[in-house]
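We did not get these values from a lab; they are worked out from the coordinates using the rules stated. The shown structure was predicted, so the numbers you read here are calculated from the model rather than taken from an experiment.
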Amino acid sequence: MGLFSSPAPAAAASPAALALPVTMLTAAALGLLLVKLSLVIIGVRRKSQTSIGDGGVKGLASKIRAHGNLAE
């Protein structure tokens, strides 16, 4: 192999080599979804002035459960 010779062909990526990037992308996407759901809940809580529980606000309980289920 001289200075200007072409490099050796790269080996095909193994499934184990792809596991980390796929896991990282999935974790990032789920993290962003958790943040989005949190911001939606915060907005509804501020609008309805509800600090604890759902306060009887229509739809807030389902948003809280969706966030909780994703976090689990």
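Numbers below:
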quantity	calculated
Gain upon complete extension [Ala71, Ala28; 0.36 nm per residue less C-alpha separation]	14.2 nm
Calculated from backbone phi, Karplus (6.51, -1.76, 1.60) coupling profile of the range 30-36 in Hz, x at Gly/Pro	5, x, 5, 5, 4, 5, 4
